[in-house]
Amino acid sequence: MMSKIYNISIVLSFGGLWVTSMFSSQSETLLGFILIFSFGMLHGSNDILLIDSLSEDKVGYPFLRVLSTYLLTVILAVVIFYILPVMAIGLFILFSAFHFGEQHWEYRKLTTDKLIINLFYLSYGMLVLQLLFILNPKDVIDVVTSITSYTINYQFILFTFIITTILFLIVSIYVCIKSLTFRQVLLQEFFYLLVFAVVFKVSSLIWGFTIYFIFWHSIPSLYEQVKFLYKAFNKATILKYCKNAVPYWVASIIGILIVYLFFKDQTIFYAIFFSFIAAVTFPHALVINKMFKNKKKQSN
């Protein structure tokens, strides 16, 4: 099923390139924000339900306790982003990289050491993000400057891309030796990376991120979550997932509006956008990681 989803993602990605050819950069950015704050945010809106499903001690994790813990984590992330932006953006990239890599590769069930697998997830996710950065350096420099007040240069972006690529190749060679599954999908996954490169090169930073985040991450993640929560993936379970997610999705939208209104005179919207996405990503990545661990236990 996941292979079919990625086939659809390829078609949708090139559809996204059509948008690039038809609309201005400003329109791309606006559409990107709309998609991320609608469909993209929806895929992370059921974290509370996932936490409740994952908790073995139901009495020890009442709804209000789970909700308050999650909200405190998000608030703490926003505060760190505001007070220590350099550290926060670094943590955001690391968490996002691991989360993207884990979501993309977990269903492959690669057979090698746990530490190497986690390093592979991290290096793969970093490679995807670094591809996006190296192909949109000016936008990346502008966003980093707006968030941290520090100015990075192209040489720094190039250096991190080279280091990431070397790390990914070294870990991939090890995984290739140890895992037959990896060897069987090597060409397919290389093709996916080429698709990402084409999309990122043609698109703006926000639109390229949107295409990857929606079509290559959020849709597969929704599939995994629906299957985990309801043991089936069909129209009924999708509607049930969406129904349960809507209250949290609405709360997220209200949250970003409040944060923006509160800080709008102190920074540009890009900074608020990435700060909020980062704040939500930290707890969401931990919840999804726990979901995958639970699935492994159930399959053993």
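Annotation: per residue accessible area for the chain equals 50 Å², rounded to a whole number [probe 1.4 Å, protein chains only]. For trypsin sites (Lys or Arg not before Pro), the sites in the stretch 69-165 that DSSP calls loop and that have at most 15 other Cβ atoms within 10 Å are Lys109.
Along the stretch 173-180 the Karplus relation, 6.51 cos²θ - 1.76 cosθ + 1.60 evaluated at θ = phi - 60°, assigns HN-Hα couplings of 4, 5, 5, 4, 5, 8, 10, 5 Hz to successive residues, with x for each Gly and Pro. Highest average first, the peptides 75-84, 88-97 ordered by how many other beta carbon atoms sit within 10 Å of their residues are 88-97, 75-84.
Of the cross-linked pairs Lys109/Lys235; Lys231/Lys290; Lys231/Lys295; Lys109/Lys227; Lys235/Lys296; Lys243/Lys293, which ones have a Cα-Cα span greater than 19 Å in the structure shown? Too far apart for the 19 Å limit: Lys109/Lys235; Lys235/Lys296; Lys243/Lys293.
When each of the peptides 23-29, 216-222, 230-236 is scored by the mean number of other C-beta atoms lying within 10 Å of its residues, the order from highest to lowest reads 216-222, 23-29, 230-236. Per residue of the chain, what 222 nm ellipticity follows from adding -39500 (n - 2.57) for every DSSP H run with n ≥ 4, rounded to the nearest 500? It comes out at -27500 deg cm²/dmol, rounded to the nearest 500.
The listed peptides 45-54, 169-178, ordered by packing as a protection proxy, come out as 45-54, 169-178 (highest mean of other Cβ atoms within 10 Å first). For the stretch 156-162, the Karplus equation 6.51 cos²θ - 1.76 cosθ + 1.60, evaluated at θ = phi - 60°, returns couplings of 5, 4, 5, 4, 5, 5, 5 Hz by residue, with Gly and Pro reported as x. How far is it, in nm, from the label point at Ile166 to the one at Val250 when both lie 7 Å from their Cα along the line to the Cβ? So the two model labels end up 5.3 nm from each other. Solvent-accessible area of the chain (1.4 angstrom probe, protein heavy atoms only): carbon and sulfur portion equals 73 percent. For the chain, what relative contact order do you get, as a whole percent, if you take Cα pairs closer than 8 Å and at least 6 residues apart? Reported relative contact order: 34 percent.
The values are calculated or read from the model by the stated rules, or taken from the named source; none is laboratory data. Given the structure is predicted, the values throughout are model-derived calculations rather than measurements. FYI the Cβ positions are ideal-geometry reconstructions off the backbone, even for glycines, and counts take in every protein chain you see. Just the protein is used for accessible areas: all its heavy atoms, side chains included, with ligands, DNA and RNA removed. Shrake-Rupley method; radii C 1.70, N 1.55, O 1.52, S 1.80 Å.
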